[in-house]
Amino acid sequence: MTGVIRRQPNINFQTATEADLEGLQDSEVLALSAKQQRFLVTHDRRTMPTEFAEFIVDNKSSGVLIISRKIALETVIEELTLIWSVSTAEEWIDRIAKVPL
């Protein structure tokens, strides 16, 4: 997301395409994100919460943030940069949250 990177150039952000996540099952996306120690940002509020709950039973997650498709892009950019600037990676381990917070 270029808007986030423009505001916070230090964020190592990848799109689903860049990270080769397209077409993968939720469990595969969670496993790849965990392996790469990446925080996952998704719109999938339908299946991801259940998959996440099942995943963290036996695995560690770097965290998941579910973004509503109904909120403005500018708000998403503000929320992501705020989260990045006021929290640590450790605070998000095995945690899932929705935006807006």
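Where a number appears in this text, it was derived from the coordinates with a stated rule and is not lab data. Since this is a predicted model, take the numbers as computed values, not measurements. A quick note on method: Cβ atoms are made from the backbone with ideal geometry, for glycine too, and the neighbour counts reach across all protein chains shown.
So here's what we get for this one:
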| item | result |
| --- | --- |
| Highest to lowest packing among 83-92, 44-53, 59-68, scored as the average C-beta count within 10 Å | 59-68, 44-53, 83-92 |
| Gain in span if fully extended, residue 88 to residue 69, counting 0.36 nm per residue against the direct Cα distance | 4.3 nm |
| Neighbourhood charge, 15 Å Cβ-Cβ cut-off, centred on residue 19 and excluding it, Lys, Arg +1 and Asp, Glu -1 | -4 |
| Mean separation of Cα contacts under 8 Å, 6 or more apart, over the residue count of the chain: relative contact order % | 29 percent |
